[in-house]
Amino acid sequence: MSAIRRSAAAAGVSLAVTVLLSGCFACTTIGYVNSDPAIIELDDELSGDASIAACFGELCDAAPLPREDGLRWTVPQEPPYVADELVVLGGERTLRVVVANANGETVIDAPYEIPVKVQRSGWFGQCSGPVSFLPVKVSLVD
């Protein structure tokens, strides 16, 4: 084989390996939108006749949530629970939670980080995929 053919073959193999490897390790630029609601889980000591207000963010105006089963409350990503200027759904990872007892007294008014689960993709799980919210645990002992 001539030197030119060997050089061309080596260049071809090198290019093929580069394309293969870059394809294996490159992540796509797809943006994932999480429109799922956040879930608040109350500890048993709060579950009685508690009322809950919540909103996405730390300095937001918490809005009352409809009563659910007493332990789990759903906070949808829509007004009045998100600010109108919040463009990217799932982008806010803080939830302000206000819990009032049966007498209407506020027992908790605090920001909570919303835990997330990230699906991984790619050959070695190096790429971030869709993100989903995990429940926010709220208790008197935090």
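With each label modelled as a point 7 angstrom along the Cα→C-beta vector, the Leu140-Ala83 pair spans 3.3 nm.
Fully extending the segment from Glu105 to Ser132 would add 6.5 nm, taking 0.36 nm per residue of separation and subtracting the current Cα-Cα distance.
Once the chain from Val116 to Arg93 is taken as fully extended at 0.36 nm per residue, the excess over their C-alpha distance is 7.4 nm.
Around Lys117, what is the net charge, scoring Lys/Arg as +1 and Asp/Glu as -1 over all other residues with Cβ under 14 Å from its Cβ? Net charge in that neighbourhood comes out at 0.
Coordinate-derived values only; no laboratory data. Remember, predicted model here, so these are calculated numbers, not experimental data. Every residue, glycine among them, receives a Cβ derived from its backbone with ideal geometry; neighbour counts consider all protein chains shown.
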